[in-house]
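Worksheet for the structure shown next.
The values are calculated or read from the model by the stated rules, or taken from the named source; none is laboratory data. Being a predicted model, the structure only gives us computed values, none of them experimental. Cβ coordinates were reconstructed from backbone atoms using ideal geometry, including for glycine residues, and neighbour counts include every protein chain displayed. The protein model used for the area step is the full one, side chains on, heavy atoms only, and it has no ligands, DNA or RNA in it. Shrake-Rupley method; radii C 1.70, N 1.55, O 1.52, S 1.80 Å.
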Amino acid sequence: MRISARADYAVRAALELVVRQDGGPVKAEVIAIAQDIPHKFLEGILGDLRRGGLVTSRRGGNGGYTLARAADTITVADVIRTVDGPIVSVRGERPTQLAYTGPAEPLLPLWVAVRANVRKILEGVTLADIAEGTLPGPVRELAAEPAAWENP
């Protein structure tokens, strides 16, 4: 699985909204500078997040972006799906839509298992978890395994 720059930027932008939410709407320029995200690219991402119902926007001098709901109800999976579509795909299709024959048959359950595990992790971590620095135990345990940090 590959996390796109768009997905990475979207999660980082959402996290800026979490930590700045008490100050009212946050301007895109502030998020772009704080997270070193190209401003024009960020505008497109914020538009996707708005259309996806994860953020709201307000125009004007006091305008900007805010989360549309509480940070503890928005998962990393929600953000990624909103800007990139399905979490795990094979050749652009969901694994459950594929069919293999012969020696490749075992690939289908493998891809389904990969998808299920990635979803389990990303759906189990909220923006609040990350902002508070309290990743769920299973995620911390996986990240603590020596193989998790090694290059392939």
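The table that follows gives values for the structure above.
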| quantity | calculated |
| --- | --- |
| Members of the range 61-78 found to be open to solvent by less than 60 Å² (accessible area, probe 1.4 Å), in contact with a strand residue (DSSP E or B) (Cβ under 8 Å, 6 or more places away or on another chain) and not small (Gly, Ala, Ser), listed by number | 65, 66, 67, 74, 75, 76 |
| Residue pairs meeting the criteria (Cβ under 6 Å; at least 6 apart or on separate chains; first among the basic types (Lys, Arg), in the range 86-115; second open to solvent by 50 Å² or more (accessible area, probe 1.4 Å)) | 94/86 |
| Residue within the range 33-42 that is open to solvent by 70 Å² or more (accessible area, probe 1.4 Å), within 30 Å of residue 117 (Cβ to Cβ) and either in contact with a Cys (Cβ under 7 Å, 6 or more places away or on another chain) or assigned to a helix (DSSP H, G or I) (or both) present | yes |
| Breaking point among (1) hydrophobic (A, V, I, L, M, F, W, C); (2) in contact with a strand residue (DSSP E or B) (Cβ under 6 Å, 6 or more places away or on another chain); (3) loosely packed, with under 13 Cβ neighbours inside 10 Å, for residue 1 | (2) |
| Test: residue in the range 45-60 that is surrounded by fewer than 20 Cβ atoms within 10 Å (Cβ to Cβ), under 23 Å from residue 115 (Cβ atoms) and within 14 Å of the chain's Cα centre (by Cα) | yes |
| Any helices (runs of 4 or more DSSP H) falling wholly within the range 68-152 and containing at least 3 residues that are under 16 Å from the mean Cα position of the chain (by Cα) | 76-84, 107-122, 127-131 |
| Residues (of a type in the set (Gly, Ala, Ser) and either buried (at least 20 other Cβ atoms within 10 Å of the Cβ) or closer than 16 Å to residue 79 by Cα (or both)) located in the range 23-32 | 28, 32 |
| Complete set of residues in the range 11-22 that are of a type outside the set (A, V, I, L, M) and open to solvent by 70 Å² or more (accessible area, probe 1.4 Å) | 20, 21, 22 |
| Hits in the range 79-107 (condition: aliphatic (A, V, I, L, M), at pLDDT 90 or above and farther than 28 Å from residue 45 by Cα) | 104, 107 |
| Conditions (1) under 17 Å from residue 1 (Cβ atoms); (2) in contact with a strand residue (DSSP E or B) (Cβ under 8 Å, 6 or more places away or on another chain); number of the one not met by residue 81 | (2) |
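Each row is one residue, and each column tells you yes or no for (1) touching a residue at least 60 places away in the same chain (Cβ under 8 Å); (2) farther than 22 Å from residue 132 by Cα.
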position	(1), (2)
2	no, yes
5	no, yes
14	yes, no
22	no, no
30	no, no
36	no, no
42	no, yes
